[in-house]
Amino acid sequence: MDFVLNRKGGVPLHDQLLAQLELKILSGAIAAGQRLPSVRVLARRLGLHPNTVSSAYRDLEQAGHVELRRGAGVYVRSGVPSASIDEAPGLDEMVRLALRVAFRKGHTGSEIQAAVERWLRAAPPERVVMVDPRRETLGLVAHEIRSALRVPASGCTLEDLEREPVLAAGALLLALPYHVSKVARVAPGAALATVHVEASAEDQEAARSLPAGATILIVSCSPILLQIGGAFVGSLRGDEVLVETRLLSHRAAWRRLIAVADLVFADVLAAPAVREARPRRLRELRLLGAKDLARVSKALSLAVTAA
């Protein structure tokens with residue numbers, strides 16, 4: 001009785017063991033009436049805590065696959081519940097019933113796995129995951145997407161994704177151009193879109209409209225956005241205006257500059273705190289432009305109405 005457990009895949013060992021036991025029972029690899037290894041024996045063989053194996057056995061019993069005979073061990077039941085999928089109380093039970101039918105009709109485990117993966121790949125993503133090495137950027141983009149598109153959004157680093165590939169399941173992955181190839185290599189087959197950092201036409205006009213000698217303050221929780229914002233203003237105005245950049249965490253520093261700043265740019269996470277300081281003029285500086293949001297919306301098959 002062989003089991004393959006992946007300790008780096010992000011799926012709990014209990015869930016892996018339970019799924020493999022169920023598949024072996026449903027496929028007939030473990031025959032009706034057969035006695036399963038004792039908890040201690042299987043735990044020692046697989047390098048698991050006995051509680052993990054015991055919990056999996058209890059879940060098998062609850063699903064109706066085995067019976068626990070006091071003093072005798074755990075045995076595969078000769079009969080299985082005959083409920084239909086419509087009567088299944090939850091998703092796991094629906095999957096069990098479907099697998100039971102597929103195995104009964106002669107399909108192999110590899111054929112079933114390939115079919116499930118094919119259907120999952122064809123399904124539209126249900127959420128968005130930004131992949132970037134800078135965690136501050138992840139929080140900003142996730143917040144922008146949630147507020148603009150009203151969909152679940154989160155972020156992870158490349159290392160997170162490599163360590164837990166399950167993070168890409170059912171998700172549309174986003175990455176900046178210079179990270180796309182790395183993300184594709186770490187999560188092959190996942191839905192992936194490239195996003196670009198661009199200032200809106202309104203932000204550009206706000207910067208251009210200031211007189212020479214004006215002061216622009218940029219406040220952000222992300223060092224990279226401060227760099228991008230400074231470069232953006234510099235490309236439009238050169239040395240005509242004074243640009244000051246401050247991290248949101250340096251509260252005293254940016255609050256001193258609020259009084260003299262003619263225009264303040266703040267990211268979506270910093271804007272509420274900056275607004276409380278009553279700047280003369282405030283604009284929210286966003287990493288994702290309208291084109292990128294439209295592309296993400298289309299990939300998610302959403303109809304988003306601009307506010």
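Quickly run through region 1-23 and pick out the residues that are without any contact (Cβ under 8 Å) to a residue 24 or more places away in the chain and open to solvent by 50 Å² or more (accessible area, probe 1.4 Å).
If the condition is that a residue be without any contact (Cβ under 8 Å) to a residue 24 or more places away in the chain and open to solvent by 50 Å² or more (accessible area, probe 1.4 Å), then Asp2, Val4, Asn6, Arg7, Pro12, Asp15 are the ones that fit.
Out of the residues in region 147-185 meeting the condition of being charged (D, E, K, R) and either in contact with a Gly (Cβ under 6 Å, 6 or more places away or on another chain) or not in a helix (DSSP H, G or I) (or both), tell me which one is farthest from Pro125 (Cα to Cα).
Glu164
Could you please let me know if Leu263 is modelled with pLDDT of 95 or more and within 21 Å of Glu202 (Cα to Cα)?
yes
Could you say whether any residue in region 111-124 is open to solvent by 30 Å² or more (accessible area, probe 1.4 Å), small (Gly, Ala, Ser), over 25 Å from the mean Cα position of the chain (by Cα) and modelled with pLDDT of 75 or more?
Looking for residues that are open to solvent by 30 Å² or more (accessible area, probe 1.4 Å), small (Gly, Ala, Ser), over 25 Å from the mean Cα position of the chain (by Cα) and modelled with pLDDT of 75 or more, one finds none in region 111-124, hence no.
So Ala199 fits all but one of (1) touching a residue at least 24 places away in the same chain (Cβ under 8 Å); (2) part of a helix (DSSP H, G or I); what number is the exception?
(2)
Return the total of residues in region 10-29 being assigned to a loop (DSSP other than H, G, I, E, B) and closer than 20 Å to Asp92 by Cα.
The total comes to 4.
The values are calculated or read from the model by the stated rules, or taken from the named source; none is laboratory data. Just so it is clear, the model here is predicted, and its values are computed rather than measured. Using ideal geometry, Cβ is built from the backbone for each residue, glycine included, and neighbour counts are taken over all protein chains shown. The area values use the complete protein model at the heavy-atom level, side chains included, leaving out ligands, DNA and RNA. Shrake-Rupley method; radii C 1.70, N 1.55, O 1.52, S 1.80 Å.
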